[in-house]
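These notes are about the structure you will find just below.
Any read-out appearing in this document is the output of simple, stated calculations on the displayed coordinates, not a laboratory observation. What you see is a predicted model, and the numbers here were worked out from it, not measured in a lab. Cβ placement follows ideal geometry from the backbone for every residue including glycine, while neighbour counts extend to all protein chains displayed.
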Amino acid sequence: MLDYQSIINAIYQDAIKAKDKGIVASYIPELAHINSDNFGIHLRTSKGETFGVGDFEKPFSIQSISKVLALSKAMSLIGEDIWKRIDVEPSGNPFNYLSLIEVENGIPRNPFINAGAIVIADILVSNLQNPKEDFLKYIQALTGDDSIIYNKDVANSEKITGFKNYATANLLKSFSNLNNSVDVVLDFYFHQCALEMTCSQLSKAFYLFVNQGKCLQNKVHITNQQVKRINALMLTCGFYDEAGEFAFEVGLPGKSGVGGGIVALLPEKFVITVWSPGLNKKGNSRLGMLALEQFTTKTKLSIF
Ligand code: GLN
């Protein structure tokens with residue numbers, strides 16, 4: 001039997017000694033205020049045991065981690081039709097990279113680069129009655145926690161400075177791959193990225209992808225085939241131009257966000273969420289990567 005609490009405690013103690021803790025994202029001004037000393041790890045096993053260390057109950061901006069939850073909601077609404085509008089190939093490029101190749105003929109390379117996530121936002125805007133409210137309710141239902149909110153200041157901060165996302169959305173619109181207005185779609189997208197969640201809430205939300213599409217409340221949200229697809233996309237595209245490195249170091253499907261969170265999971269076994277706001281050059285949490293590498297090495301629990 002693995003003593004998960006001792007393992008994550010030891011990893012935490014080791015990682016906080018790292019000299020290079022990365023740099024907190026500042027291109028979204030509201031995120032630049034976050035203290036880089038925050039660091040939390042939370043683990044939820046498929047048997048329902050939970051373990052945490054550090055700041056695992058502090059809410060933070062989940063940013064691109066939301067793209068996985070938005071994708072799962074869109075898949076449950078329109079199924080395979082998504083793939084007429086988005087490809088499933090890793091990009092090897094930064095999350096906000098914008099080029100005609102990345103969005104060839106208006107089709108984004110995958111749902112986790114910004115262009116793809118903006119098309120998913122368009123699908124949700126078209127298919128939800130009250131998009132922002134309904135999406136928030138979905139997250140609250142997955143976690144059984146209605147204290148989760150959008151941070152309006154973060155959403156607004158991103159709106160004011162989101163020139164590249166506007167450019168991306170306009171490019172998609174020019175190819176007729178957005179059905180709603182650029183402003184409405186981006187308003188939704190900025191809000192989903194501005195969701196504030198703790199490590200332990202994220203471990204609950206992602207339980208779906210460990211538990212064959214059923215959430216903690218045992219409700220079926222997506223099919224087994226959809227779980228397989230989402231986990232494959234996390235493995236190949238979850239870390240932008242560092243997806244290869246994450247598979248190499250950690251060996252789990254996962255998703256990062258520029259708020260410094262990373263969620264990773266082993267189907268049928270566990271979800272682990274790490275938060276440390278300092279990012280490496282590729283925009284992924286520096287200590288988060290270190291901690292997860294240590295976790296799968298020490299426990300031998302990776303998909304490889
Ligand atoms: N909201 C951020 C953006 O669109 C998300 C980026 C991220 O977390 N990688 O720029």
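Length gained on full extension, Lys298 to Ser147, computed as 0.36 nm times the residue gap minus the Cα-Cα distance: 50.9 nm. Each of Trp83, Trp275 has some number of other Cβ atoms within 10 Å of its Cβ, and from fewest to most they run Trp83, Trp275. Nearest 0.05, what FRET efficiency do Asp183 and Lys58 give at R0 = 30 Å with Cβ-Cβ as r? Computed FRET efficiency for Asp183 and Lys58: 0.40.
Here the spin labels are modelled as points 7 Å beyond Cα on the Cα-Cβ line, and at Gln129 and Ser36 they lie 4.7 nm apart. Near Leu279, the amide H atoms lying under 5 Å from its own belong to Ile23, Val24, Ala25, Arg286; only residues 5 or more places off or on other chains count, and H is placed 1.01 Å from N. Taking a ≥ b ≥ c as the square roots of the eigenvalues of the alpha-carbon gyration tensor, the chain is classed prolate because a/c is 1.5 or more and a/b outweighs b/c. Between the residues Ile23, Gln217, Ala115, the greatest Cα displacement towards the positive end of the dipole of the chain, with unit charges on the Cβ of Lys, Arg, Asp and Glu, is found for Gln217.
How much net charge surrounds Asn114 when only other residues with a Cβ under 9 Å from its Cβ are counted (Lys, Arg +1; Asp, Glu -1)? Result for the neighbourhood of Asn114: +2. Net charge around Asn156, counting only other residues with Cβ within less than 11 Å of its Cβ (Lys, Arg = +1; Asp, Glu = -1)? My count for the surroundings of Asn156 gives -2.
Here each label is just a point 7 Å from Cα along the line to Cβ, and for Lys281 and Ser76 those points are 4.0 nm apart. 3J(HN,Hα) along segment 34-51: 6, 6, 6, 7, 4, 7, x, 9, 9, 10, 10, 8, 5, 7, x, 7, 10, 9 Hz, from the Karplus curve 6.51 cos²θ - 1.76 cosθ + 1.60 with θ = phi - 60°, whole Hz, x for Gly and Pro. Placing unit charges on the Cβ atoms only, positive for Lys and Arg and negative for Asp and Glu, gives the chain a dipole magnitude near 380 debye about its Cα centre. Amide H contacts of Phe56: Ile41, each under 5 Å away and 5 or more positions distant or on a separate chain (H built 1.01 Å from N in the peptide plane; Pro and chain starts excluded).
Sequence-distant contacts, meaning Cα pairs under 8 Å at least 6 residues apart, place the relative contact order of the chain at 28 percent. In the chain, helices alone account for a calculated mean residue ellipticity at 222 nm of -13000 deg cm²/dmol, with every DSSP H run of four or more residues adding -39,500 (n - 2.57). Between Ala10 and Asn224, the simple spin-label model (points 7 angstrom out along Cα→Cβ) gives 3.6 nm. Cross-link list Lys173/Lys219; Lys228/Lys298; Lys67/Lys159; Lys21/Lys47; Lys21/Lys132; Lys47/Lys228: which exceed 28 angstrom alpha carbon to alpha carbon? Check vs 28 Å cut-off fails for Lys173/Lys219; Lys21/Lys47; Lys21/Lys132.
The ranking of Lys282, Lys47 from fewest to most other beta carbons within 10 Å of each one's beta carbon is Lys47, Lys282. A DSSP coil position with no more than 16 other Cβ atoms inside 10 Å describes the following chymotrypsin sites (Phe, Trp or Tyr not before Pro) in segment 153-206: Phe175. Only helices reaching 30 angstrom along their own axis (Cα) with mean Kyte-Doolittle hydropathy no lower than 1.0 count here, and not one DSSP H run of the chain does.
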